[in-house]
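The values are calculated or read from the model by the stated rules, or taken from the named source; none is laboratory data. If you're wondering where the values come from, they're calculated on a predicted model, not measured in any experiment. Here the Cβ positions follow ideal geometry from the backbone for every residue, glycine too, while neighbour counts run over all protein chains shown. Just so you know, the surface numbers come from the protein's heavy atoms only, side chains and all, with ligands and any DNA or RNA stripped out. Shrake-Rupley method; radii C 1.70, N 1.55, O 1.52, S 1.80 Å.
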Amino acid sequence: MEQFHSTEAVLTAIRELARAHGRDIEVSHDIGADQTSRRSATGVGVTTDPDGSLPHEAYVDFTEGSPRISVHLYPDDDALITIETVDCPDVARDDVPAFLRSVLGGLAYVKGRRFPPGYRFIVPLPGDRTHKEYMPMITLTPWLSSKVR
């Protein structure tokens, strides 16, 4: 598994994935303790990271094509990825490119159950791992419906 030591390194990998899959992206940055939305790993009044750098948060939106994807990279080494209507919180920063590669490459799928009724959005990750998110039936979009197994 690749390790990404900064938000910018992950953004570079996301840009390469978008280019490889013919997708356009828009990126916005929030840099600095007064700009970032969440600083759970630091104490009160701390404005820099332990290495002396400023916290860097980024929001990536895939603007065209299907599925609709947005990525919110937090300075605390995790991300919130939204695929269509499914929020996938707490994805490790190092897993973000692999997660997007699985979704854009057609490996992600939706698994349905009869009892109790419901669906799970499942994204395979390297190392024989998966990321699973529960989703109500009402949130199925045409793209998600096409991925039901």
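At a glance:
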read-out	value
Qualifying residue in segment 54-66 (condition: at pLDDT 95 or above, among the polar types (S, T, N, Q) and farther than 15 Å from Ser6 by Cβ)	no
Condition broken by Ser6, with the remaining ones in (1) open to solvent by less than 60 Å² (accessible area, probe 1.4 Å); (2) modelled with pLDDT of 85 or more satisfied	(2)
Filter result (open to solvent by 30 Å² or more (accessible area, probe 1.4 Å) and either in contact with a Cys (Cβ under 7 Å, 6 or more places away or on another chain) or not hydrophobic (A, V, I, L, M, F, W, C) (or both)) within segment 140-149	Pro142, Ser145, Ser146, Lys147, Arg149
Among (1) within 20 Å of Arg149 (Cα to Cα); (2) at pLDDT 95 or above, the one test that Ile81 misses	(1)
Residues that are touching a residue at least 24 places away in the same chain (Cβ under 8 Å) and open to solvent by 10 Å² or more (accessible area, probe 1.4 Å), drawn from segment 106-120	Tyr109, Lys111, Gly112, Tyr119
Total residues in segment 121-139, condition open to solvent by 40 Å² or more (accessible area, probe 1.4 Å) and either outside any strand (DSSP E or B) or touching a Gly at 6+ places or on another chain (Cβ under 8 Å) (or both)	7
